[in-house]
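The values are calculated or read from the model by the stated rules, or taken from the named source; none is laboratory data. From a predicted model like this one, the values you see are computed outputs, not experimental measurements. All Cβ positions, glycine included, derive from the backbone under ideal geometry; neighbour counts span all protein chains shown.
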Amino acid sequence: MSKKISLLLLVIVLCFASSVVFSQSNKLTKEQIIRIAISKAAELGYKTEEMNIVYDEGNKSIKEHLRYARVSKYNEKTKELDKVLPTTPEKEYPELNGKDYQSVYLCPKVAMPGGDLWVFIDRNTGEVIKYVCGQ
C-alpha cells in the first residue's frame, strides 16, 4: 500500500514539475520582447536606430517613474496645484491589470521633448497591451 502511495506522490510531483517547466518555457525571451517593442516603435514612426532601448527588468523603472512623475496637478476650479499621490502601472493603465507584462523603454539618444516611449508587452503572447508616448 505504501509503495502505491509513494508512486502516486511521485507521479503528482513529476506532473507538477513538468507543468511549471512548460509554463516557464512558453514565456517570451528578453530578445523577443525587445524586438516586439522595436517593431511597435517603428510602426508609430519612431526612428529606433536613434534610440536607446531599455528592457525594464522587473518593471522597476516604470514603477519608479510613476512614483515621481506627477507630484501635482492643476485644479481648474481652485486655480491651485493639487498634490497627486504616487501611482502604479496597473492603476495608471488599467489594461495591465491581471496581465503578466514586461515594459520596454525607448528614448532618443539625443534628448528631445516627447521623444520617449513605453511599450507594455504580454510576456506569454507577445501582444502589445499598451504603449505610452512621451509628452
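What the table shows:
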item: Count of residues meeting criterion [of a type outside the set (D, E, K, R), in contact with a helix residue (DSSP H, G or I) (Cβ under 8 Å, 6 or more places away or on another chain) and outside any loop (DSSP other than H, G, I, E, B)] in region 74-95; result: 1
item: When residues of region 100-135 are limited to those that are of a type in the set (Gly, Ala, Ser) and touching a strand residue (DSSP E or B) at 6+ places or on another chain (Cβ under 6 Å), the one farthest from ASP56 (Cα to Cα); result: GLY115
item: Complete set of residues in region 57-90 that are farther than 17 Å from CYS133 by Cβ and in contact (Cβ under 8 Å) with a residue 12 or more places away in the chain; result: ASN59, LYS63, ARG67, TYR68, VAL71, SER72, LYS83, VAL84, PRO86, THR87, THR88
item: Inter-residue pairs, beta-carbon under 8 Å, first free of Cβ contacts under 8 Å to residues at least 24 places away in the same chain and in region 101-114, second assigned to a strand (DSSP E or B) and surrounded by fewer than 11 Cβ atoms within 10 Å (Cβ to Cβ), 6+ apart; result: none
item: Residue count, region 106-121 (criterion: under 13 Å from ARG35 (Cα atoms) and either not β-branched (Val, Ile, Thr) or not in a strand (DSSP E or B) (or both)); result: 2
item: From SER103, SER39, SER61, residue being surrounded by 13 or more Cβ atoms within 10 Å (Cβ to Cβ), among the polar types (S, T, N, Q), modelled with pLDDT of 95 or more and not in a strand (DSSP E or B); result: SER39
item: Answer from THR125, THR88, THR29, THR78 - the residue that is in contact with a Lys or Arg (Cβ under 7 Å, 6 or more places away or on another chain) and not aliphatic (A, V, I, L, M); result: THR88
item: Condition met for VAL84 (among the hydrophobic types (A, V, I, L, M, F, W, C) and modelled with pLDDT under 95); result: yes
item: Exclusive hit being out of contact with any Ser or Thr (no Cβ under 7 Å at 6 or more places or on another chain), at negative phi and modelled with pLDDT of 85 or more, set LEU66, LEU44; result: LEU44
item: Qualifying residue in region 12-29 (condition: at pLDDT 90 or above and either farther than 18 Å from ASN124 by Cα or not aliphatic (A, V, I, L, M) (or both)); result: yes
